[in-house]
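Just passing along the structure, written as structure tokens.
The values are calculated or read from the model by the stated rules, or taken from the named source; none is laboratory data. What you see is a predicted model, and the numbers here were worked out from it, not measured in a lab. Reconstructed Cβ throughout: ideal geometry from the backbone, glycine too, with neighbour counts over all protein chains shown.
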Amino acid sequence: MMKYPGALNSKLPTIGTTIFTIMSQKAQDNQAINLSQGFPDFPVSSDLINMVSKYMKQGYNQYAPMAGVMKLREAIAEKVNNLYSCIYDPESEITITSGATQAIHTAISAVVKEGDEVIVFDPAYDCYVPSIELNGGKPIFAQLNFPDYSINWEEVKKLIKQKTKMIIINSPHNPTGSILSASDLMKLEKITQNTDIVILSDEVYEHIIFENYEHQSVARFPKLAERSFIVSSFGKTYHATGWKLGYCIAPKNLMTEFRKVHQFMVFSANHPFQMALADFNQRAEEYTMLSEFYLQKRDYFRELIKGSRFKVMPCKGTYFQLLGYDTISKESDLKYADLLVTQQKIAAIPVSVFYHKPQDNKVLRFCFAKSNETLEKAAKILCNI
């Protein structure tokens, strides 16, 4: 085995392999049903597949424009205006990225410098903190209130200091399924006014929101929009997570800095997929009906496990359902998740791993973006525990 002969100080000494990789591998090794990693197990639209094939055959197989195919950026601008009444210039304020994670890392890299502080809400999706630390920033944690995972804005206000450069928000929220209200966004707007703080708004589940709630995009709030990067995902919307395509929208001055990093990080995203998505995005029903599609799956999963001993927690958005197990076992969520995948043959994600200092509320995250057959098999196992 080869080994680097010099001294190497890791830039991420506390970071190991992501929990999603670990649990998916354990699911495979144990031939378990995988409700851990968030990806659908049903097909992508055949029409969309055919559109990709068409553009491949037409020769769109070389580099796309650095900022993305113009007709796709124009389609995004039109959609954002229709949904949120906010106008973005497709020429200078929208960039297509190789997935939402790349967009998040690029936005952080574009503005966060050595010593800058970034407020992150715990539990937090696991890509935020490593990106902050790789850029020399310092994550400052505000803990969401359990069990509704709401934000204490007075606490956030106290965390804002001279060094605060960015606040990262995520709604609908992964891993908890909570959402931010219009009141939340107005409070954020108020505490950031007269500051230079940049907002990074992770909105990849914007089209998966339930019970007649409306997604409160930062784009709806002009005073927030003018200081915000907004990130979304085609993979989440069109059931194609493996395509790794997303986008970022931001005012021109922020997007200028974003593109400086983007061009040297990936240069451009997949060309034929962009061409196909530009066409497919014209079918508004594909995203406006997505909430209803996943609401049926959420409710079907809940109905199937109604007789189980697990506690069903609120899920207002995303395709993740939290289940409490404190009346079933006193094991830590890490240990209990391991027992489930090895002994019961079902994989879930322990929520404690999303905290910077693990907080174990005896809660696991299950993905219901699965076929009914998969959900039925999973529910049968859960109901027998």
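Which condition number in (1) of a type in the set (Phe, Trp, Tyr); (2) farther than 20 Å from Ala100 by Cα; (3) buried (at least 16 other Cβ atoms within 10 Å of the Cβ) is the one that Tyr125 fails?
(2)
With respect to Lys335, determine if the residue is out of contact with any strand residue (DSSP E or B) (no Cβ under 6 Å at 6 or more places or on another chain) and surrounded by fewer than 17 Cβ atoms within 10 Å (Cβ to Cβ).
Numbers: out of contact with any strand residue (DSSP E or B) (no Cβ under 6 Å at 6 or more places or on another chain): yes; surrounded by fewer than 17 Cβ atoms within 10 Å (Cβ to Cβ): yes.
It is true that Lys335 is out of contact with any strand residue (DSSP E or B) (no Cβ under 6 Å at 6 or more places or on another chain) and surrounded by fewer than 17 Cβ atoms within 10 Å (Cβ to Cβ).
A follow-up question, please. Please enumerate the residues belonging to the range 336-364 that are assigned to a helix (DSSP H, G or I) and farther than 17 Å from Pro123 by Cα.
Keep residues of the range 336-364 that are assigned to a helix (DSSP H, G or I), which gives 336-344, 351-354.
Tyr336, Ala337, Asp338, Leu339, Leu340, Val341, Thr342, Gln343, Gln344 - these are the residues of the range 336-364 that are assigned to a helix (DSSP H, G or I) and farther than 17 Å from Pro123 by Cα.
Which members of the range 19-36 meet the condition of being in contact (Cβ under 8 Å) with a residue 40 or more places away in the chain and either out of contact with any Phe, Trp or Tyr (no Cβ under 6 Å at 6 or more places or on another chain) or more than 24 Å from Pro358 (Cβ to Cβ) (or both)?
Step one: list which residues in the range 19-36 are in contact (Cβ under 8 Å) with a residue 40 or more places away in the chain, which gives 19-20, 23-24, 26-27, 30-36.
Listed by number, the residues that qualify are Ile19, Phe20, Met23, Ser24, Lys26, Ala27, Asn30, Gln31, Ala32, Ile33, Asn34, Ser36.
Additional query: Could you grab me the full set of residues in the range 1-39 that are of a type in the set (Lys, Arg) and either closer than 20 Å to Val129 by Cα or touching a helix residue (DSSP H, G or I) at 6+ places or on another chain (Cβ under 6 Å) (or both)?
At the first step, the residues of the range 1-39 found to be of a type in the set (Lys, Arg) are 3, 11, 26.
Lys11, Lys26 - these are the residues of the range 1-39 that are of a type in the set (Lys, Arg) and either closer than 20 Å to Val129 by Cα or touching a helix residue (DSSP H, G or I) at 6+ places or on another chain (Cβ under 6 Å) (or both).
Identify the residue in the range 241-264 that is assigned to a helix (DSSP H, G or I) and either of a type in the set (Asp, Glu) or touching an Asp or Glu at 6+ places or on another chain (Cβ under 8 Å) (or both) and, among all such residues, is surrounded by the most Cβ atoms within 10 Å (Cβ to Cβ). Break it down stepwise before answering.
Here is the first cut: in the range 241-264, the ones assigned to a helix (DSSP H, G or I) are 241-243, 252-264.
Among the residues that remain, those that are also either of a type in the set (Asp, Glu) or touching an Asp or Glu at 6+ places or on another chain (Cβ under 8 Å) (or both) are: 252, 255, 257.
Details: Lys252: 11, Met255: 24, Glu257: 17.
Selected residue: Met255.
Would you be able to tell me the number of residues in the range 312-335 that are under 19 Å from the mean Cα position of the chain (by Cα) and part of a loop (DSSP other than H, G, I, E, B)? So that I can check it myself, show each step before the final result.
Applying the first criterion (under 19 Å from the mean Cα position of the chain (by Cα)) to the range 312-335 yields 314-322.
Remaining after also requiring part of a loop (DSSP other than H, G, I, E, B): 314-316, 318-319.
Summing the residues that are under 19 Å from the mean Cα position of the chain (by Cα) and part of a loop (DSSP other than H, G, I, E, B) in the range 312-335 gives 5.
I'd like to check something: does the range 86-104 contain any residue that is of a type outside the set (Gly, Ala, Ser), farther than 22 Å from Ala269 by Cβ and either under 19 Å from the mean Cα position of the chain (by Cα) or modelled with pLDDT of 95 or more (or both)? If you could, list the steps in order and put the result at the bottom.
Within the range 86-104, the subset of a type outside the set (Gly, Ala, Ser) is 86-91, 93-97, 101-102, 104.
If we keep only those that are farther than 22 Å from Ala269 by Cβ too, we end up with 86-87.
Now narrow it down to the ones that are either under 19 Å from the mean Cα position of the chain (by Cα) or modelled with pLDDT of 95 or more (or both): 86-87.
Yes - at least one qualifying residue is present in the range 86-104.
Right, here's the next one. Of Gln344, Gln321, Gln359, which residue is surrounded by 15 or more Cβ atoms within 10 Å (Cβ to Cβ) and modelled with pLDDT under 95? Show your work before the answer.
Numbers: Gln344 fails: modelled with pLDDT under 95; Gln321 fails: modelled with pLDDT under 95.
Exactly one of Gln344, Gln321, Gln359 is surrounded by 15 or more Cβ atoms within 10 Å (Cβ to Cβ) and modelled with pLDDT under 95, namely Gln359.
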